[in-house]
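Here it is, the structure in full.
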Amino acid sequence: MAKPHSHRTCAARSAVQVSTPLHSAQNAFPRYLIVHGAHDEAVPIERAREARLVLESRGASVEYHEHRVGHKVSAQGMQEIKHWIDKTWREC
C-alpha cells in the first residue's frame, strides 16, 4: 500500500508544525525541531523548554537546541535546521 502523502506534503507538514508546536501538539506529527536563543528577550527560553516538554509528553519526537544568542538563529542553528530538514525529508 502506498503512503497516504508525498514527500513534499511530509516536509510541508513538518515545517508548519515546527512553527506552531503548542497549537498542534494534540495531534502531534512525530518530528519537531526547536532551535532557540537562550538570551531571547522577545520569546523567553522558558517558552521553548515548555514546548519541548509538552510535545514530548504527548509522544512527539523533539530535537532541541539552545544557543547563546538573542532573538535570532545562530550559524550553528542554521546548520541544525538544514540537517533536520534533510534528515526529515529522507525519512518521509
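The values are calculated or read from the model by the stated rules, or taken from the named source; none is laboratory data. Everything quoted here is computed from the prediction, not taken from an experiment. Please note: Cβ atoms are built from the backbone with ideal geometry, for glycine as well, and neighbour counts cover all protein chains shown.
Determine, yes or no, whether LYS87 is outside any loop (DSSP other than H, G, I, E, B) and closer than 12 Å to VAL35 by Cβ.
No: the conditions fail for LYS87.
Within region 65-92, how many residues turn out to be aliphatic (A, V, I, L, M), in contact (Cβ under 8 Å) with a residue 40 or more places away in the chain and closer than 19 Å to ARG49 by Cβ?
To start, the set of residues in region 65-92 that are aliphatic (A, V, I, L, M) comprises 69, 73, 75, 78, 81, 85.
Filter once more, keeping what is in contact (Cβ under 8 Å) with a residue 40 or more places away in the chain: 81, 85.
Then keep just the ones that are closer than 19 Å to ARG49 by Cβ; that gives 81.
Of the residues in region 65-92, 1 are aliphatic (A, V, I, L, M), in contact (Cβ under 8 Å) with a residue 40 or more places away in the chain and closer than 19 Å to ARG49 by Cβ.
Another question, then. Being crowded, with 18+ Cβ neighbours inside 10 Å, of a type in the set (A, V, I, L, M, F, W, C) and modelled with pLDDT of 90 or more is true for just one of ALA25, ALA51. Which residue is that?
Values: ALA25 fails: modelled with pLDDT of 90 or more.
None of the others qualify; the one that does is ALA51.
OK, next. Please find, within region 1-22, the residue that is modelled with the highest pLDDT out of those that are small (Gly, Ala, Ser) and farther than 21 Å from VAL73 by Cα.
SER6
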